[in-house]
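The values are calculated or read from the model by the stated rules, or taken from the named source; none is laboratory data. Predicted, not measured: the structure shown is a model, and the values here were computed from it. With ideal geometry, Cβ positions are generated from the backbone for all residues, glycine too; neighbour counts draw on all protein chains shown.
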Amino acid sequence: MKKSLFAFLALAAALAIAPAAKADSFGFIYTAPGGVSGSGILVGTDLGYNVSLASDEWLISSVTGGTFDDGVNSGPISLVQNPDTINGSPQSDPYSLFTYDDLLYPYGAGGQNLDYNGLFFNFDGMELNLWEGGFPYTEGWYEYDPVTTNSNSGSGIFYITPEPGTLLLLSTGLFCLAGLLLRRRAASALVMNA
(Lines give C-alpha, C1' and ligand atoms only; values in the text may rest on other atoms or scores of the structure.)
Protein backbone atom coordinates (compact mmCIF):
# COMPACT_ATOMS: atom_id res chain seq x y z
CA MET A 1 0.00 0.00 0.00
CA LYS A 2 2.83 2.43 0.88
CA LYS A 3 4.60 1.85 -2.45
CA SER A 4 1.46 2.61 -4.44
CA LEU A 5 0.82 5.72 -2.33
CA PHE A 6 4.32 7.04 -3.00
CA ALA A 7 3.92 6.30 -6.72
CA PHE A 8 0.63 8.23 -6.59
CA LEU A 9 2.40 11.19 -4.92
CA ALA A 10 5.23 11.07 -7.48
CA LEU A 11 2.72 11.19 -10.33
CA ALA A 12 0.96 14.16 -8.75
CA ALA A 13 4.28 16.00 -8.32
CA ALA A 14 5.27 15.33 -11.93
CA LEU A 15 1.93 16.66 -13.18
CA ALA A 16 2.28 19.78 -11.03
CA ILE A 17 5.86 20.69 -11.85
CA ALA A 18 6.71 19.58 -15.41
CA PRO A 19 4.12 21.29 -17.61
CA ALA A 20 3.64 24.37 -15.46
CA ALA A 21 6.90 25.85 -16.70
CA LYS A 22 5.49 26.95 -20.07
CA ALA A 23 2.07 26.51 -21.57
CA ASP A 24 1.57 26.45 -25.29
CA SER A 25 -2.21 26.57 -25.01
CA PHE A 26 -4.57 29.03 -23.38
CA GLY A 27 -8.26 28.77 -22.72
CA PHE A 28 -10.23 31.90 -23.61
CA ILE A 29 -13.73 33.14 -22.96
CA TYR A 30 -15.23 36.26 -24.50
CA THR A 31 -18.53 37.73 -23.33
CA ALA A 32 -20.39 40.85 -24.45
CA PRO A 33 -23.90 42.30 -24.12
CA GLY A 34 -26.65 40.97 -26.39
CA GLY A 35 -25.81 37.29 -25.94
CA VAL A 36 -22.41 37.60 -27.63
CA SER A 37 -19.94 34.99 -26.43
CA GLY A 38 -17.01 32.93 -27.57
CA SER A 39 -14.61 30.36 -26.19
CA GLY A 40 -11.91 27.87 -27.13
CA ILE A 41 -8.32 26.81 -26.63
CA LEU A 42 -5.69 28.97 -28.35
CA VAL A 43 -2.43 27.22 -29.28
CA GLY A 44 0.75 29.13 -30.05
CA THR A 45 4.48 29.69 -29.87
CA ASP A 46 6.35 31.86 -27.36
CA LEU A 47 8.11 34.76 -29.14
CA GLY A 48 9.78 36.09 -25.98
CA TYR A 49 9.19 38.89 -23.52
CA ASN A 50 7.34 42.08 -24.53
CA VAL A 51 8.46 44.97 -22.31
CA SER A 52 5.57 47.33 -23.06
CA LEU A 53 2.93 44.79 -21.98
CA ALA A 54 5.14 43.15 -19.30
CA SER A 55 4.34 39.67 -20.60
CA ASP A 56 5.63 36.90 -22.77
CA GLU A 57 4.35 37.39 -26.31
CA TRP A 58 2.72 34.38 -27.97
CA LEU A 59 1.97 33.99 -31.68
CA ILE A 60 -1.27 32.02 -31.84
CA SER A 61 -1.34 29.45 -34.63
CA SER A 62 -4.68 27.68 -34.11
CA VAL A 63 -7.81 27.39 -32.00
CA THR A 64 -9.35 24.09 -30.90
CA GLY A 65 -12.93 23.69 -29.79
CA GLY A 66 -13.53 27.33 -30.68
CA THR A 67 -17.08 28.65 -30.88
CA PHE A 68 -18.68 32.07 -31.20
CA ASP A 69 -22.23 33.35 -30.85
CA ASP A 70 -22.98 36.87 -32.11
CA GLY A 71 -26.49 36.87 -30.66
CA VAL A 72 -27.97 35.72 -34.00
CA ASN A 73 -25.53 33.22 -35.52
CA SER A 74 -23.50 30.66 -33.62
CA GLY A 75 -20.99 28.01 -34.57
CA PRO A 76 -17.35 27.01 -34.72
CA ILE A 77 -14.51 29.44 -35.36
CA SER A 78 -11.17 28.79 -37.02
CA LEU A 79 -8.11 31.01 -36.63
CA VAL A 80 -6.70 32.71 -39.72
CA GLN A 81 -3.01 32.22 -39.02
CA ASN A 82 -0.69 35.20 -39.33
CA PRO A 83 1.60 34.53 -42.33
CA ASP A 84 4.52 36.13 -40.42
CA THR A 85 5.30 33.16 -38.17
CA ILE A 86 8.58 34.71 -36.98
CA ASN A 87 7.53 38.12 -35.57
CA GLY A 88 3.74 38.22 -35.86
CA SER A 89 3.75 41.55 -37.72
CA PRO A 90 0.30 43.10 -38.36
CA GLN A 91 -1.57 41.87 -41.44
CA SER A 92 -4.68 43.19 -43.16
CA ASP A 93 -7.82 41.10 -43.57
CA PRO A 94 -8.83 40.35 -47.20
CA TYR A 95 -11.26 43.31 -47.27
CA SER A 96 -8.89 45.77 -45.55
CA LEU A 97 -11.38 46.49 -42.76
CA PHE A 98 -9.00 45.74 -39.89
CA THR A 99 -5.53 44.47 -39.13
CA TYR A 100 -4.61 41.44 -37.08
CA ASP A 101 -1.40 39.98 -35.69
CA ASP A 102 -2.68 36.92 -33.73
CA LEU A 103 -0.52 37.88 -30.75
CA LEU A 104 -1.47 36.99 -27.17
CA TYR A 105 -0.05 38.38 -23.91
CA PRO A 106 -1.19 35.93 -21.21
CA TYR A 107 0.26 37.94 -18.31
CA GLY A 108 -0.23 41.40 -19.82
CA ALA A 109 0.06 44.53 -17.71
CA GLY A 110 -3.32 45.57 -16.34
CA GLY A 111 -4.90 42.36 -17.63
CA GLN A 112 -4.45 43.26 -21.30
CA ASN A 113 -4.15 39.96 -23.18
CA LEU A 114 -4.52 41.14 -26.78
CA ASP A 115 -3.31 44.22 -28.62
CA TYR A 116 -5.17 46.59 -30.92
CA ASN A 117 -4.70 44.23 -33.91
CA GLY A 118 -5.97 41.15 -32.09
CA LEU A 119 -6.99 37.71 -33.30
CA PHE A 120 -8.59 36.96 -36.68
CA PHE A 121 -11.09 34.12 -37.12
CA ASN A 122 -13.40 32.75 -39.77
CA PHE A 123 -16.90 32.36 -38.34
CA ASP A 124 -19.99 31.11 -40.18
CA GLY A 125 -18.72 32.48 -43.54
CA MET A 126 -17.81 35.79 -41.91
CA GLU A 127 -14.66 37.46 -40.62
CA LEU A 128 -14.31 37.94 -36.86
CA ASN A 129 -11.73 40.05 -35.05
CA LEU A 130 -11.24 40.08 -31.25
CA TRP A 131 -9.00 42.92 -30.01
CA GLU A 132 -8.10 45.16 -27.06
CA GLY A 133 -7.02 48.78 -26.89
CA GLY A 134 -8.00 52.13 -28.32
CA PHE A 135 -9.33 55.24 -26.64
CA PRO A 136 -11.46 54.77 -24.71
CA TYR A 137 -10.01 51.34 -23.91
CA THR A 138 -12.15 48.53 -25.33
CA GLU A 139 -12.08 44.73 -25.40
CA GLY A 140 -13.87 44.61 -28.72
CA TRP A 141 -15.25 42.31 -31.36
CA TYR A 142 -15.88 43.11 -35.01
CA GLU A 143 -17.67 40.88 -37.50
CA TYR A 144 -17.97 41.33 -41.28
CA ASP A 145 -20.06 39.31 -43.74
CA PRO A 146 -18.47 39.58 -47.23
CA VAL A 147 -21.64 38.28 -48.93
CA THR A 148 -24.10 40.79 -47.48
CA THR A 149 -21.44 43.41 -46.57
CA ASN A 150 -23.14 43.71 -43.17
CA SER A 151 -20.98 44.26 -40.13
CA ASN A 152 -21.54 44.10 -36.40
CA SER A 153 -19.36 45.09 -33.47
CA GLY A 154 -19.33 45.73 -29.78
CA SER A 155 -17.28 45.60 -26.61
CA GLY A 156 -17.10 42.94 -23.97
CA ILE A 157 -14.66 41.15 -21.70
CA PHE A 158 -11.84 38.82 -22.79
CA TYR A 159 -10.64 36.23 -20.23
CA ILE A 160 -7.56 34.03 -20.66
CA THR A 161 -6.37 31.00 -18.64
CA PRO A 162 -3.05 29.25 -19.31
CA GLU A 163 -3.86 25.56 -19.70
CA PRO A 164 -1.26 24.23 -17.21
CA GLY A 165 -3.53 25.78 -14.60
CA THR A 166 -5.91 22.87 -15.09
CA LEU A 167 -3.07 20.40 -14.61
CA LEU A 168 -1.99 22.22 -11.47
CA LEU A 169 -5.54 21.94 -10.12
CA LEU A 170 -5.58 18.24 -10.97
CA SER A 171 -2.27 17.59 -9.21
CA THR A 172 -3.37 19.62 -6.17
CA GLY A 173 -6.47 17.45 -6.00
CA LEU A 174 -4.30 14.34 -6.22
CA PHE A 175 -2.13 15.60 -3.34
CA CYS A 176 -5.24 16.23 -1.22
CA LEU A 177 -6.58 12.78 -2.01
CA ALA A 178 -3.25 11.22 -1.05
CA GLY A 179 -3.29 13.19 2.23
CA LEU A 180 -6.80 11.96 3.00
CA LEU A 181 -5.72 8.37 2.30
CA LEU A 182 -2.73 8.74 4.63
CA ARG A 183 -4.90 10.25 7.36
CA ARG A 184 -7.49 7.51 7.02
CA ARG A 185 -4.82 4.84 7.14
CA ALA A 186 -3.25 6.39 10.25
CA ALA A 187 -6.68 6.56 11.95
CA SER A 188 -7.40 2.90 11.18
CA ALA A 189 -3.95 1.91 12.50
CA LEU A 190 -4.73 3.69 15.80
CA VAL A 191 -8.01 1.82 16.11
CA MET A 192 -6.30 -1.53 15.44
CA ASN A 193 -3.58 -0.84 18.07
CA ALA A 194 -6.04 0.24 20.76
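See the values below:
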read-out	value
Residue in segment 185-194 that is at pLDDT 95 or above and small (Gly, Ala, Ser) present	no
Qualifying residue in segment 48-59 (condition: at pLDDT 95 or above and among the aliphatic types (A, V, I, L, M))	yes
Residues of segment 123-156 satisfying the condition of being small (Gly, Ala, Ser), under 23 Å from residue 105 (Cα atoms) and not in a strand (DSSP E or B)	134, 156
Residue in segment 53-67 that is among the charged types (D, E, K, R), assigned by TED's automatic domain parsing to the domain that holds residue 148 and in contact with a Phe, Trp or Tyr (Cβ under 9 Å, 6 or more places away or on another chain) present	yes
Residue 96 vs. criteria more than 28 Å from residue 49 (Cβ to Cβ), surrounded by fewer than 20 Cβ atoms within 10 Å (Cβ to Cβ) and free of Cβ contacts under 8 Å to residues at least 60 places away in the same chain	yes
